[in-house]
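Read through the structure below, which is laid out as structure tokens, and then see the notes.
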Amino acid sequence: MDSNGVMLTNLVMTIIGADRPGLVQLVASRLADHGGNWLESRMGHLGGQFAGIVRAEVEADKADELVKALHALEVDGLRVIVHTETEVAPAAAGLAATLSVVGQDRPGILRAVTAVFTTHAVNVEELESERVSAPMGGGTLFQATITVSAASSEVLAKVQSDLEMIATDLMVDLKLNPTE
């Protein structure tokens, strides 16, 4: 509900389409035309596709029409999947930490790292990864930056210990740094 007592609906959208100029404007226009407010987003170009997630809010009585307008963007080559909620869950409490992963690229790196997170009930808040050429012809490197939240500093210490145990097997450099 906003400060005027109007019920708001929270929308989380997944967007994907063949990359070309104007895709963000298509979504932004539909949102603005229906009185929506763009709150936050993460977007990027991946493998010839434009992909992203957007969180927005709109008055509850306008949400259905906005969702229809967003789905209509498929004729423009943009697929939009919308999840709606009338109440936003509060952010989970916990300690934040950032993990940097760098090593020779190979299958299974993220599977091993995220298995440690799951074992200790650590939540992945954000994950960015890429493959890059290693300096001086050293092959291909996998790099990731992962922001996580954990229940306590003790949990983060256990995660750090478990990550150190698998780092050699993965042949990667893992650094876990608590975030302030």
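The numbers here are math on the coordinates, done by the rules we state, and not lab data. It should be emphasised that the depicted structure is a prediction, and the values quoted were computed from it without experimental measurement. Neighbour counts are summed over all protein chains in view; Cβ atoms, including those assigned to glycine, are modelled from backbone coordinates with ideal geometry.
Using a simple spin-label model with pseudo-atoms 7 Å out from Cα toward Cβ, residue 79 and residue 169 lie 3.5 nm apart. Over all alpha-carbon pairs in the chain, figure out the percentage whose distance exceeds 29 Å. Counting pairs separated by more than 29 Å, the tail of P(r) holds 41 percent. Farthest toward the positive end of the dipole of the chain, out of 67, 152, 136, is the Cα of 136, where the dipole comes from beta carbon charges about the Cα centre. Between the Cα long axis of helix 153-170 and the first principal axis of the chain there is an angle of about 60°, rounded to the nearest 10.
Only helical runs count toward this figure. For the chain, summing -39,500 (n - 2.57) over DSSP H runs of n ≥ 4 and dividing by all residues gives -8500 deg cm²/dmol at 222 nm. Placing +1 on the Cβ of every Lys and Arg and -1 on the Cβ of every Asp and Glu, with no other charges, gives the chain a dipole of roughly 540 debye about its Cα centre.
Dipole orientation for segment 71-180: of the candidates 114, 167, 83, 167 has the Cα lying most toward the positive pole (charges on Cβ; Lys, Arg +1; Asp, Glu -1).
Based on C-alpha pairs under 8 angstrom that are at least 6 apart in sequence, the chain has a relative contact order of 23 percent.
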